[in-house]
1. When only residues in the stretch A:109-122 that are more than 8 Å from every other protein chain (Cβ to nearest Cβ) and of a type outside the set (A, V, I, L, M) count, which is farthest from residue B:287 (Cα to Cα)?
2. Sort out for me the helices (runs of 4 or more DSSP H) sitting completely within the stretch A:113-223 that have 3 or more residues that are in contact with a strand residue (DSSP E or B) (Cβ under 6 Å, 6 or more places away or on another chain).
3. Might you let me know whether the stretch A:96-109 holds any residue that is assigned by TED's automatic domain parsing to the domain that holds residue A:69 and assigned to a helix (DSSP H, G or I)?
4. Go through the stretch B:35-56 and count every residue that is out of contact with any Ser or Thr (no Cβ under 9 Å at 6 or more places or on another chain), assigned to a helix (DSSP H, G or I) and surrounded by fewer than 19 Cβ atoms within 10 Å (Cβ to Cβ).
5. Out of curiosity, is residue B:189 surrounded by fewer than 21 Cβ atoms within 10 Å (Cβ to Cβ), within 14 Å of chain A (Cβ to nearest Cβ) and not charged (D, E, K, R)?
6. Have a look at B:265, B:305 and point out the one that is modelled with pLDDT of 95 or more, closer than 30 Å to residue B:18 by Cβ and within 14 Å of another protein chain (Cβ to nearest Cβ).
7. Just for the stretch A:123-146: of the residues that are more than 7 Å from chain B (Cβ to nearest Cβ) and over 34 Å from the mean Cα position of the chain (by Cα), which one is farthest from residue B:282 (Cα to Cα)?
8. Looking at (1) crowded, with 21+ Cβ neighbours inside 10 Å; (2) among the aromatic types (Phe, Trp, Tyr); (3) within 30 Å of residue A:62 (Cβ to Cβ), which is the one condition that is false for residue B:147?
Number of protein chains: 2
Amino acid sequence: MSVTLPVTSSATSSLPVLLVLDAEPSPRLGALAGRADVRYADEHTLAAELPRADALLVWDFASDAVRRAWPGPGPRPRWVHTPSAGVDRLLSPEFAASDTVLTNARGIFDEPIAEYVAGLVLAMAKDLPGTLELQRQRRWRHRESLFVAGSRAVVVGAGPIGLAIARTLRALGVRVDVTGRTARPGVHGAEELDELLGHADWVVCAAPLTGATRGMFDARRFALMRPSARFVNVGRGALVVEDALVTALKGRRIAGAALDVFEHEPLDPGSGLWDVPGLIVSPHMSGDTVGWRERLGEQFLDLFELWMAGKPLPNVVDKKRGYVPSHDS
Amino acid sequence: MSVTLPVTSSATSSLPVLLVLDAEPSPRLGALAGRADVRYADEHTLAAELPRADALLVWDFASDAVRRAWPGPGPRPRWVHTPSAGVDRLLSPEFAASDTVLTNARGIFDEPIAEYVAGLVLAMAKDLPGTLELQRQRRWRHRESLFVAGSRAVVVGAGPIGLAIARTLRALGVRVDVTGRTARPGVHGAEELDELLGHADWVVCAAPLTGATRGMFDARRFALMRPSARFVNVGRGALVVEDALVTALKGRRIAGAALDVFEHEPLDPGSGLWDVPGLIVSPHMSGDTVGWRERLGEQFLDLFELWMAGKPLPNVVDKKRGYVPSHDS
């Protein structure tokens, strides 16, 4: 879906008001000097500022302040951009029902996340965590490792991130099935997932968090996986019932897992997830390669140019579904 | 080079004597029942048994007993097979000068080692060691990581292992140069290595250990690398001057390294290599994926069939150079 928006001006300025949710001035926005009235808000001032903004840049994309501060009927931004792939943190029912256009950072994270997943798959196949632990103990202990080429993966999530993961794993010789909400050429429908789980050496979750996907990796689905299977989540934490994963790992129902995302981030130092045998915990960093903030800033500037010119915006989120439909790519 | 050998019989048997250097009966050799007189030797009995053997299988390929026990003039095996890629441990000057044919396990380790190297490259790019250490400390610390696609690698060693590493890294979008002893299409000559080192993000050593390559990664070559470069050795330990690597890492002349092979294996618990910052130590396991011993056994049986049939053997080592010349592949 792409949408053309009328560029509106606020009452107090001849320039459109761009509100930025961020504690500090964001990089790259200096390029908008003289073209937008750039204002900053934090989670405390956001509610008061939102009705006066023409557009909102959710630079602090880890915040859920937009969900809480979104105005009811009345003035509100015509356009909201989040420099993230997922939009679950900001989409309140009121926002979803409004005619405000929401765009995301589609495209920026695809290849970095795909590399990250490939790295996790290879690290688990070659037991790099075991090697590093033995190194710490100064112990030389040869082990046999797994050959990745010819193994099977299911990637859950048929957006650009899931498809990039599939491409990269295939480049390593992995046989990959991709599942999405509905079947399309090269993508299995959600109803085929359970059957596919029983054949997978690697199950990679890169789905958007929506009402339909929340908690989809539960005890039942972990029970469908092979004892030798390993699970990777780079989507959103709440896609996984964390307790069920811990139980599956501790009971050796599956062989290993890696989580880059969690229901509550940052993960509390007291969380039981830090030291589950066979579980790799990383701090939501899979897509964040050097220069990522600059690339996100440039992407926003490109969208801003289109918006100012009254041209259609790409990366428009279907707010009912909670993601950018893939026929739009 | 491939060579046809006359099948000779020992004085005490109508069957050819196959001597196996190994503490225990090797798998798969039961298939030779009635076709060969299979005898076993250990490093203490090898010297006495060698003159009576028609063929020698160096199943205990990590031993250097063959080098020590090789007979002078007089009876000796006509064929020696080692189920390893490198032949440096067994090639004494006397063996090299003899007309005994030496074959190796060319082909078995290529793709497993290539995957292992790709795993190390991705793990270092994504700082997986740092992530695991932070996990141990229950610390959530987001970091930016490196994007591997578009980075540059030099693979030193243009045999099938080096070429497989190059293919796999290229599949991940890495721009790869390969160097060998002499230039050929797609391979740079050894004289180009120094220049290439200055442009590489990843330097991967997969060369055979010969008189020409021993100690090739010394202080001078580490000084030619970029401060951001990372070094991986999956060849032989003695290709690297280990003290020079440690100095380069401690002085941050290069950014990181991973060694799977060492001058002395197993690495002594007291070695200073275990805890050098930025160095990953693994126990010579890069090529050893589940089923590797069975594959090595099958490869030997295939060669044995050719030998018995008087047909040319593949994988014949040029004993002067110390490896199987690549025009043979």
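The values are calculated or read from the model by the stated rules, or taken from the named source; none is laboratory data. Please read all numbers here as calculations on a predicted model, not as lab measurements. Neighbour counts run over all protein chains shown; Cβ positions are idealised from the backbone, glycine included.
1. A:109
2. The helices (runs of 4 or more DSSP H) meeting that bar are A:160-171.
3. Checked against the condition, which is being assigned by TED's automatic domain parsing to the domain that holds residue A:69 and assigned to a helix (DSSP H, G or I), the stretch A:96-109 yields at least one hit.
4. 3
5. no
6. Result: B:265 is the single residue among B:265, B:305 that is modelled with pLDDT of 95 or more, closer than 30 Å to residue B:18 by Cβ and within 14 Å of another protein chain (Cβ to nearest Cβ).
7. A:137
8. That leaves (1) as the condition not met.
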